[in-house]
Amino acid sequence: MAAAPPGKGTARLALLVAAVSLVVALVAVGVAGVALVRSGEDTPDTTAAPGAANSAPASAGADAPAAPATTEAQAQPSPTAVLGVLNPQAVFSPAYKDQELIPQVTSQASAYLDLNEPRVVQQGSDKDDVRLELPYNSTVPVIILLDGVEGAVVPKTMSDPQPEDCADLIRKSPVPQRAETAAQRELMMCVATSPEQARAIGQPQRIVVLKVAALSSNAKVTLQLKAWEVPS
């Protein structure tokens with residue numbers, strides 16, 4: 001039997017090797033494609049969709065809008081306000097000066113003072129600012145400030161108090177309402193008339209300096225007065 005020509009065997013071997021190489025190449029390409037697809041699924045998308053940042057809920061306390069600052073300062077009370085109207089920095093106009101009143105009281109009868117005129121009133125009225133009474137078993141009358149009237153005792157070191165001084169004294173050390181102040185010689189008091197009463201009678205409120213110049217044994221009191229109008 002005759003042998004196959006050597007040239008045909010070599011060609012077949014070459015074709016077989018080429019076919020195997022092609023298969024290997026195709027397998028490699030397939031593996032690479034699968035790896036590429038998997039890597040795309042595992043990689044997060046770094047491009048945010050429009051509006052995505054705004055739709056995410058904000059964490060508590062993070063970038064919270066600040067409350068608007070309050071620009072209006074709360075009203076503070078005036079440190080020098082007395083009775084709602086008296087102010088040591090105000091400009092007080094003279095009302096009267098060098099006035100003298102001589103009320104007399106007994107154990108049965110009081111005396112009243114209207115400091116706006118000024119005058120002594122034997123019967124009380126809605127214009128009165130001060131009442132003088134004589135306590136039981138005493139020869140020294142007492143001064144009582146009536147409703148709405150404020151006052152203060154002037155210290156002996158202040159010989160000539162001005163309305164600004166009186167406003168400050170009433171602010172710092174007022175006598176209690178309805179308190180009894182003995183009308184002893186040289187007593188000096190600052191008295192601010194009632195603003196409500198002043199409006200009711202159509203007169204300005206007044207600051208009065210009242211000084212006990214003399215006191216007789218029969219409870220007759222000599223008072224020296226000067227006054228200023230309180231600006232409205």
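The values are calculated or read from the model by the stated rules, or taken from the named source; none is laboratory data. Just so you know, these numbers come straight off a predicted model, no measurement behind them. Please note: Cβ atoms are built from the backbone with ideal geometry, for glycine as well, and neighbour counts cover all protein chains shown. Calculation scope for accessible area: heavy atoms of the full protein, side chains included, ligands and nucleic acids excluded. Shrake-Rupley method; radii C 1.70, N 1.55, O 1.52, S 1.80 Å.
Values as computed for the structure displayed
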read-out	value
Cβ pairs under 6 Å, 6+ apart, first in the stretch 219-232 and surrounded by fewer than 16 Cβ atoms within 10 Å (Cβ to Cβ), second modelled with pLDDT under 95	K220/Q104; P231/A90
Qualifying residue in the stretch 184-194 (condition: open to solvent by 40 Å² or more (accessible area, probe 1.4 Å) and assigned to a strand (DSSP E or B))	no
Which listed residue, of R199, R171, is part of a helix (DSSP H, G or I), surrounded by fewer than 14 Cβ atoms within 10 Å (Cβ to Cβ) and not β-branched (V, I, T)	R199
So I144, is it open to solvent by less than 70 Å² (accessible area, probe 1.4 Å), part of a strand (DSSP E or B) and more than 20 Å from D98 (Cβ to Cβ)	yes
Failed criterion for P155 (all others in (1) open to solvent by less than 40 Å² (accessible area, probe 1.4 Å); (2) in contact with a helix residue (DSSP H, G or I) (Cβ under 9 Å, 6 or more places away or on another chain); (3) without any contact (Cβ under 8 Å) to a residue 60 or more places away in the chain hold)	(1)
Sole exception among (1) within 17 Å of Q184 (Cβ to Cβ); (2) at pLDDT 95 or above; (3) assigned to a loop (DSSP other than H, G, I, E, B) for P161, by number	(1)
Hey, A109 open to solvent by 20 Å² or more (accessible area, probe 1.4 Å) and either among the small types (G, A, S) or more than 41 Å from the chain's Cα centre (by Cα) (or both) or not	yes
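Here's the yes/no breakdown for (1) in a loop (DSSP other than H, G, I, E, B); (2) touching a strand residue (DSSP E or B) at 6+ places or on another chain (Cβ under 9 Å); (3) among the hydrophobic types (A, V, I, L, M, F, W, C):
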site: T106; (1), (2), (3): yes, no, no
site: E117; (1), (2), (3): yes, yes, no
site: G148; (1), (2), (3): yes, no, no
site: T157; (1), (2), (3): yes, no, no
site: V175; (1), (2), (3): yes, yes, yes
